[in-house]
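Since the structure comes first, as structure tokens, the remarks are kept for the end.
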Amino acid sequence: MTDGSSPEGAGPEHCCGDLGTRQSPMPFDGQNLATDNVSVIEGETATISCRVKNNDDSVIQLLNPNRQTIYFREVRPLKDSRFQLVNFSDNELRVSLSNVSLSDEGRYVCQLYTDPPQEAYADIAVLVPPGNPIIESREDVVSEGNETELTCTAMGSKPAASIRWMKGEEELTGETTVEETYDRMFTVTSRVRFSVTKEDDGVPVDCIIDHPAVKDLLAQRHLEVLYKPEVKIVVTYPDGLTREGDNLDLTCIAEGKPHPHQINWLRVDDDVPPHAVVTGSDLYIENLNKSYNGTYRCVASNAVGEAYDDYILYVYDAPTTIPTPTTNPVNTQDSRASDGAPQKIDHAVIGGVVAVVMFAILCALIVLGRYFARHKGTYFTHEAKGADDAADADTAIINAEGGHNNSDEKKEYYI
């Protein structure tokens, strides 16, 4: 026969097939016959095992969903060569089915010829993985603050796949629809909507497919977000305070997507000084004075919008220089003295003056000492009373009255 069954009355399929249809299956619990359901991926191999406990030499056979005998003991009446005997014993009949297709799906029957006959059922479920998912965006480019929509489709799977969304490390919730197509196949579509910011530019969005027949199946799309410029003013010169007479050099740094196509400098509530020079993103003002005080603004714009940054200019007084000393270095003062700053004292000069004064005092003391040493006083003795009238010393002695005899009357006069 073309269907692979045995001729009538000549094989076990004819003799026992009707027997299986007339007998009601016995409850699974407490049976001596057991089997298992099988899930297999399309194109792979399924194995069906009919197991018997405490077999008393009863015959085991395996039937396909159409009740055709695949194996009667170790004999294969069915002409489908994809079925192969893996093991046959008193306690087990194990058969493999290679290159499984959807048409092989169904309930297979293990029969044990006992009194009464027993049956056990093995359901083969064929899994069909979906094709590569397709992810699409409503728009290729989206501006910050706007909403975008992404769609992911997983086609031709069995059972229906499930779809998850990830934006970077954040999980998103999508809306899923399932459509059943021909031959119990499914197409699943999921849509997700969310608003974007400039931080989302370049962030990957993953459409992840979950299905028992496949792992690590996903589609990915990177977001492209347009955003208005970010603006920052940098002082190139000077490094410190801006003082009268100094020059000022400002640079405007602007980044955006797309890149800013226009950068303008302006002075808030006033005009930019007439001699200020604007070169691209740079503003240069020379010879500052206090009339230039104010807020200077850099404005950058692109197709998304514009943004600005401000720089507040305050011009301080020019620093006062210390004049060169001319006549009296000791009286030289810092130019900040008028502002209450302490005076600077030249200690070397003061030391020199003190040394000169001390030297003068010492010299005066020496002169006075020598003078007093030479002029201790003038006195006259009694013997000298005739000395002024004597022509010589001998005469002076002779003229002296009483010589040394009147020594008790000698008197001294101190001038």
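A few points about this structure:
Residues are listed down the side, and each one gets a yes or a no for (1) closer than 30 Å to L226 by Cβ; (2) open to solvent by less than 100 Å² (accessible area, probe 1.4 Å); (3) modelled with pLDDT under 60:
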{"residue": "E306", "(1), (2), (3)": "yes, no, no"}
{"residue": "Y311", "(1), (2), (3)": "yes, yes, no"}
{"residue": "T324", "(1), (2), (3)": "no, no, yes"}
{"residue": "P329", "(1), (2), (3)": "no, yes, yes"}
{"residue": "D334", "(1), (2), (3)": "no, yes, yes"}
{"residue": "V349", "(1), (2), (3)": "no, yes, no"}
{"residue": "I366", "(1), (2), (3)": "no, yes, no"}
{"residue": "R374", "(1), (2), (3)": "no, no, no"}
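Residue-by-condition table, conditions (1) within 19 Å of N66 (Cβ to Cβ); (2) open to solvent by 10 Å² or more (accessible area, probe 1.4 Å); (3) in contact with a His (Cβ under 7 Å, 6 or more places away or on another chain):
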residue	(1), (2), (3)
V86	no, yes, no
N99	yes, yes, no
S103	yes, yes, no
Y108	yes, no, no
D115	no, yes, no
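- Check on V126, among the β-branched types (V, I, T) and touching a helix residue (DSSP H, G or I) at 6+ places or on another chain (Cβ under 6 Å): yes
- Boolean, M155 is open to solvent by less than 40 Å² (accessible area, probe 1.4 Å) and farther than 25 Å from H259 by Cβ: no
- Qualifying residues in the stretch 130-152 (those that are among the charged types (D, E, K, R) and either under 28 Å from the mean Cα position of the chain (by Cα) or under 24 Å from G106 (Cβ atoms) (or both)) - the one least open to solvent (accessible area, probe 1.4 Å): E149
- Residues located in the stretch 218-242, provided they are surrounded by fewer than 19 Cβ atoms within 10 Å (Cβ to Cβ), among the charged types (D, E, K, R) and modelled with pLDDT of 95 or more: R221, E224, E230, K232
- The stretch 56-69, subset open to solvent by 30 Å² or more (accessible area, probe 1.4 Å) and not charged (D, E, K, R), residue nearest to E105 (Cα to Cα): P65
- Restricting the stretch 70-84 to residues that are within 19 Å of T45 (Cα to Cα) and not charged (D, E, K, R) leaves a set whose member that is surrounded by the fewest Cβ atoms within 10 Å (Cβ to Cβ) is S81.
- Selection within the stretch 161-215 - in a loop (DSSP other than H, G, I, E, B), over 30 Å from the mean Cα position of the chain (by Cα) and touching a residue at least 40 places away in the same chain (Cβ under 8 Å): A161, M185, P212, A213
- Residue list for the stretch 172-191, restricted to those being closer than 15 Å to R221 by Cα and surrounded by fewer than 20 Cβ atoms within 10 Å (Cβ to Cβ): L172, R191
The values are calculated or read from the model by the stated rules, or taken from the named source; none is laboratory data. Given the structure is predicted, the values throughout are model-derived calculations rather than measurements. Note that we place each Cβ from the backbone using ideal geometry, even for glycine, and neighbour counts take in every protein chain shown. What goes into the accessible areas is simple: the full protein's heavy atoms, side chains included, and nothing from ligands, DNA or RNA. Shrake-Rupley method; radii C 1.70, N 1.55, O 1.52, S 1.80 Å.
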